[in-house]
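The values are calculated or read from the model by the stated rules, or taken from the named source; none is laboratory data. Because the structure is predicted, anything quoted here is derived from the model rather than measured. Cβ placement follows ideal geometry from the backbone for every residue including glycine, while neighbour counts extend to all protein chains displayed. For the accessible areas, the whole protein counts, side chains as well, though only heavy atoms, and no ligand, DNA or RNA atoms are used. Shrake-Rupley method; radii C 1.70, N 1.55, O 1.52, S 1.80 Å.
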Amino acid sequence: MAQESQRILIVDDEAPIRDIFAKGLSRNGYSCDTAGSADEANNLLRVEEFDLVLLDISMPGKTGVSLLATLSKSFPDMAKIMVSGDDDLETATFSMRQGADDYLAKPVPISLLVYRIEKALLRRALVLENTAYRVHLENLVTELN
């Protein structure tokens with residue numbers, strides 16, 4: 001079950017998909033915001049912090065893959081899961097190389113989505129903990145020298 005503070009941004013051009021994901025994830029304890037386009041997502045990301053973004057690949061205008069590249073640079077610690085109507089191995093591989101933590105093909109059962117989100121957020125928490133520990137150790141070494 002999600003921690004109450006965990007926030008998810010759902011980016012999909014199809015309103016019914018956004019609504020289904022948001023309702024299902026909210027029932028599982030996540031705080032969800034939605035965006036219908038990459039531009040709308042960028043506007044939200046300027047003013048809000050999210051732990052994870054659930055990102056549709058095929059959208060009119062800026063695609064999810066191009067937004068993923070931006071997110072990977074601007075928000076390297078945020079977990080990113082790509083969702084696509086096409087179960088395409090090439091796109092999945094490319095997305096993972098661009099910084100996605102996972103790739104799911106629609107339709108996605110909410111139970112599977114929750115499981116994959118939990119895994120991605122756990123991985124994110126471990127990375128953040130490791131980074132904090134490394135910084136702490138570097139500070140101790142600096143103090144001792």
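Here are the numbers for this structure:
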quantity: Tally, over the stretch 98-113, of residues that are open to solvent by less than 20 Å² (accessible area, probe 1.4 Å) and in a helix (DSSP H, G or I); calculated: 1
quantity: Condition check for Phe50: open to solvent by less than 20 Å² (accessible area, probe 1.4 Å) and either farther than 23 Å from Val127 by Cα or among the basic types (Lys, Arg) (or both); calculated: no
quantity: Verdict on Val11 being of a type in the set (A, V, I, L, M) and open to solvent by 30 Å² or more (accessible area, probe 1.4 Å); calculated: no
quantity: Among (1) within 15 Å of the chain's Cα centre (by Cα); (2) within 24 Å of Arg46 (Cα to Cα) - the single one Val114 does not satisfy; calculated: (2)
quantity: Candidates Lys73, Lys23, filtered to the one that is free of Cβ contacts under 8 Å to residues at least 24 places away in the same chain and farther than 22 Å from Ala125 by Cβ; calculated: Lys23
quantity: Flag for Glu129 being in a loop (DSSP other than H, G, I, E, B) and open to solvent by 40 Å² or more (accessible area, probe 1.4 Å); calculated: no
